[in-house]
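Please see the structure below; I have some questions.
The values are calculated or read from the model by the stated rules, or taken from the named source; none is laboratory data. These numbers were taken from a predicted model, which means no experiment stands behind them. When we count neighbours, we look across all protein chains shown, and the Cβ atoms used for this are built from the backbone with ideal geometry, even at glycine. Surface areas here come from the heavy atoms of the whole protein model, side chains and all, with no ligands, DNA or RNA. Shrake-Rupley method; radii C 1.70, N 1.55, O 1.52, S 1.80 Å.
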Amino acid sequence: MIETVEKRCLYCNNPLSGRTDKIFCDDRCRNNYYYKVNAEHKEYIRNINKILLKNRGILKAVNPSGRTSVSRQYLENLGFDFTHFTGTHTTKRGRLYHLVYDHAYNIDEQGRVSLVVFHRETQPVVSQHHVGW
Ligand SMILES: [Zn+2]
C-alpha cells in the first residue's frame, strides 16, 4: 500500500519524501523541534518556580518564629500568590493547610492566615499540639 497523503516536517513544514513514518526532514529539524519544545516547557516551569519561591520567601520572612498568624490582605500586599502552592494537608480536626515547600498556612473564615513551618521530614516544628496534626 502506497501512502498518498502528503506529510510535512513538524519543524519546518517542508513536504516530506521517502519513508512514510518520517515526521522530520532530517536530524537537524528533529533536534531544532525538540530544543524549541524543551525551551517552552522550561520557561513555563521556570515561571511557576519563580512564583513558588517568592511565596516561600514571603512566608519565611513573615514567620521567623515558625508559628504566627497574619491577615490574608497583608500577604497579598507583599505579593503572595494564593493560587500557587506545592501541596495540601488536612489535619485530624479537618483544617485544610496549603503547603509551600516547608511552610504551611490555613485561612479561616475571617481571612486570618495561620502559618506554621515543617521540618524536612514533614513534621511540624512548634505546632503539633497547637494545630493537632
Ligand atoms: Zn524540516
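Could you grab me the full set of residues in the range 21-51 that are open to solvent by 60 Å² or more (accessible area, probe 1.4 Å) and either touching a Gly at 6+ places or on another chain (Cβ under 8 Å) or in a loop (DSSP other than H, G, I, E, B) (or both)?
Within the range 21-51, ASP21, ILE23, ASP26 qualify.
Can you tell me which residue is farthest from LYS54 (Cα to Cα) among those in the range 72-102 that are of a type in the set (D, E, K, R), open to solvent by less than 80 Å² (accessible area, probe 1.4 Å) and modelled with pLDDT of 95 or more?
Across the range 72-102, the extreme among qualifying residues is GLU76.
Under 6 Å by Cβ, and 6 or more places apart or on different chains, what pairs join a residue from the range 54-70 that is on the phi < 0 side of the Ramachandran plot with one that is part of a helix (DSSP H, G or I) and not polar (S, T, N, Q)?
Hits for this filter: VAL70/VAL62.
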